[in-house]
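K.L.:
Please read through the structure below; I'll follow up with questions.
The values are calculated or read from the model by the stated rules, or taken from the named source; none is laboratory data. What you are looking at is a predicted structure, and each value in this text was computed from that prediction instead of being measured. Positions of Cβ are backbone-derived with ideal geometry, glycine not excepted, and every protein chain shown enters the neighbour counts.
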Amino acid sequence: MVSTVLGGVIGFLGELGVYDILLPFLLVFTLMFAFLEKTKVLGLEVIVDKAGKEHTYTRKNLNAIVAFTTGFFVIASSQLVRIISEVLANVIILVVVGVSFMLAIGVYHTGTDEMKLSNKWKNVLYPISFIAILLILFNALGWIDAIYNFILQTASTTWFATIIFILVFIGLIFWITGSNAKVPVQQENK
């Protein structure tokens, strides 16, 4: 990395623990607090004003304490912080690739409905994005090598081939019988 003033600031913030402690804590605290506020798991508080009208509020103090302690539990585990950092960095790469893909598609549009994808494209792109995020997560956890080695060791066994055959067979049955096309019924002429 080129030694610059801004690079020195970034390095100094890293030495202070901003990236290893502060940012993961803020992320977990914010997500947990938002989840607790949205779900109202810890209950609601009812306050009656002078006019006799009832107002319900979430228990922000309890939500904040639970989110705060959850954030501290997460940063206490260096392995969790490493996984969060790696997963977020890789998901951001996927987001940048997705935005770049949408920009490339937008070049060929006329200006109407640029970001509106047809159901056919959604049915292809959503599963690909989901699988890519799962692969990123598995890679961050160190499971990719274990899964790959397991597949290599078991690919030549009879039971593995049987399971693959059954899954393909079930998939074909669902594909063939899952058609929504209705066949018109001919009525007999009298």
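K.L.:
Considering the stretch 144-154 alone, what residues qualify as being of a type in the set (A, V, I, L, M, F, W, C) and surrounded by fewer than 13 Cβ atoms within 10 Å (Cβ to Cβ)?
P.N.:
Passing the criteria: Ala146, Ile147, Phe150, Ile151, Leu152.
K.L.:
Sticking with this one: Which pairs do you get when a residue that is over 12 Å from Leu36 (Cα atoms), found in the stretch 46-62, comes within reach of a residue that is among the polar types (S, T, N, Q), reach meaning Cβ atoms under 6 angstrom, with the pair 6+ apart or on two chains?
P.N.:
Val46/Thr56
K.L.:
Could you list all residues from the stretch 66-104 that are more than 22 Å from the chain's Cα centre (by Cα) and surrounded by 14 or more Cβ atoms within 10 Å (Cβ to Cβ)?
P.N.:
Result: Val66, Phe68.
K.L.:
Limited to the stretch 83-108, what total is found for residues that are part of a helix (DSSP H, G or I), over 16 Å from Phe130 (Cβ atoms) and at pLDDT below 85?
P.N.:
8
K.L.:
OK, next. Any residue at all in the stretch 39-52 that is surrounded by 13 or more Cβ atoms within 10 Å (Cβ to Cβ), of a type outside the set (Val, Ile, Thr) and under 29 Å from Ile128 (Cβ atoms)?
P.N.:
no
K.L.:
In the stretch 143-156, what residues are modelled with pLDDT of 85 or more and either among the hydroxyl-bearing types (Ser, Thr, Tyr) or closer than 19 Å to Leu94 by Cα (or both)?
P.N.:
Ile144, Tyr148
K.L.:
Just to be sure I understand, how many residues within the stretch 1-60 are at pLDDT 90 or above, within 28 Å of Ile83 (Cβ to Cβ) and among the hydroxyl-bearing types (Ser, Thr, Tyr)?
P.N.:
2
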